[in-house]
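Comments concern the structure below.
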Ligand code: ADP
Ligand code: MG
């Protein structure tokens, strides 16, 4: 510590974006001013949690046995004096440098984003300020002056005070404070004098901070219930309480998509209150920044982000798991290896999947939301951990050639299968609209057989590991030798339009010379109906699903060699074949073959850059419109 720090007050300038923020806060009137208390309590609670974890491994701290609590006081003042409030915590505290950095000189991207939002007229500052990492400054909505007196938990740090009236500067100087933690002394603005009332403060604590996990005393009495909601019997808790608890825990202002509350007493004691957030990505300033659940034993928090209970593909589950069978004061390593942990994990995983299954049955709309948001997590799960397939596949949903806007499960697909059908068919591609036009679908449309649309890159990625479901093989329909039931070649006229051998062979020969190395073979298709050509994989092609992935991963992606199958009875092929016979030098021929190939690549989702087709299309149009 330097002499300067001990004897002088130092004046600092707020970062530019904080100045702007303060300016807005000081000069406008907001409807929910009372949220300043929520923000201060939330900061105090963070500081207490950090203290709690520090003391698990470090006993050499100031006031090692002090109660972890928050105290809110309304000191007496003279008639003429401005009213005051003090918010005090026994948390981790801040030393000289931390005070300066944390409350004023750290660059705050959140502040900028916050201000961008404030420009929006229909937006109430107080609703969201806490989500931008600038919650502390909301105190200036009600304060004329704020003093933050803090003493760090480190034995050799001394107390400091930070003083500001919310204009451009703040001052930091040495202070008197013998106990650990932080005190926020607020001198209220005239217009905010109403907050200097224990009754009022107690109301606000109830409203926003009832479930904060440390006692909050207003005056002499505890104001928050701090009850462990998860310890209540599920039949006694209301959804409203669950939502409130969730909000206070996460600062996510969207209600959770799913709440799961359950308990069991044997063989292992377990209470769990779990949430699936409505969005997979937490908001930038969400309180809980990491995956994992809160792990409690005997009502003591032993891990704040426990990821060892659930597999990675469920790491979006948030909430509380409490078991009295877990030993207190366990290190992270032993938690991981603990037999009870394994048992807890298995029980919870099963329960979550069961609830999801129930959701899919009872509220398909909501399940669709879940699937849109988290389906990829499950696909990643199958990719990383093939043993999870059995549990996860029943929860998968796809669009199909018959599902319309709905999604279908594999089981529902099987149920719709005609008796003669033995395999589950899927087509890979980039999006449902494109694959709906896929030439591979021709024979399936002709036979009225349903095909699943696998249009997520991850679908292609995991396709090789999905061999079967419920005893039925899963088959990619670009397979050249699929065994489909015969259909009657009905009318005679169709037969008549089939191209003669000579003309057809001419066309095939021209394709071979035009496309060269790009195709391994050009041959007649036995299945195409409405489409002129399609691309199929050679039998020995290395993992064709992976080729598709390559396109996403690899900048220098090379289009894989394919077999071009030609529909002998398609009028376009007939026209081209005749043109080859009669005017072999017509430019239209090669251009058309190139375009047929390019279109087929697009339909496969394999074209490296579809816009390359545009000059050719223009040329074709030019030729077609020539008089
Ligand atoms: P956030 O809480 O999102 O980080 P705030 O503006 O509310 O943003 O607080 C800024 C920082 O100030 C906190 O991250 C923390 O480091 C520090 N801080 C605020 N209040 C306290 C407190 N009571 N005890 C210790 N540190 C605090
Ligand atoms: Mg905060």
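The values are calculated or read from the model by the stated rules, or taken from the named source; none is laboratory data. Here the structure is a predicted model, which is why all the values come from computation and not from measurement. With ideal geometry, Cβ positions are generated from the backbone for all residues, glycine too; neighbour counts draw on all protein chains shown.
Pairs under 6 Å by beta carbon, first residue at pLDDT below 90 in the range 37-51, partner outside any helix (DSSP H, G or I) and within 9 Å of ligand 2 (Cβ to nearest atom), six or more apart or different chains? As it stands, the answer is none, since no pair meets every condition given. Taking the criterion of being farther than 16 Å from residue 157 by Cα and surrounded by 18 or more Cβ atoms within 10 Å (Cβ to Cβ), the residues of the range 85-109 that qualify are 85, 87, 88, 89, 103, 104, 108. Return a yes/no flag: does the range 297-304 have any residue that is in the same structural domain as residue 264 (by TED's automatic domain parsing), modelled with pLDDT of 90 or more and surrounded by fewer than 18 Cβ atoms within 10 Å (Cβ to Cβ). No, the conditions are met nowhere in the range 297-304. If the condition is being modelled with pLDDT of 90 or more and in a helix (DSSP H, G or I), then the range 548-571 contributes only 571.
Looking only at residues in the range 232-265 that are assigned to a helix (DSSP H, G or I) and free of Cβ contacts under 8 Å to residues at least 12 places away in the same chain, which one is nearest to residue 352 (Cα to Cα)? Give the steps one after another, and end with the answer.
Taking the range 232-265 first, the residues assigned to a helix (DSSP H, G or I) are 234-236, 239-250.
Still in the list and also free of Cβ contacts under 8 Å to residues at least 12 places away in the same chain: 235-236, 240, 247.
Details: 235: 18, 236: 21, 240: 21, 247: 20 Å.
It comes out as 235.
The set of residues in the range 166-179 being in contact with a helix residue (DSSP H, G or I) (Cβ under 9 Å, 6 or more places away or on another chain), crowded, with 16+ Cβ neighbours inside 10 Å and in a loop (DSSP other than H, G, I, E, B) consists of 166 alone.
Filtering the range 57-67 for residues that are within 12 Å of ligand 1 (Cβ to nearest atom) and either surrounded by fewer than 21 Cβ atoms within 10 Å (Cβ to Cβ) or in a helix (DSSP H, G or I) (or both) leaves an empty set.
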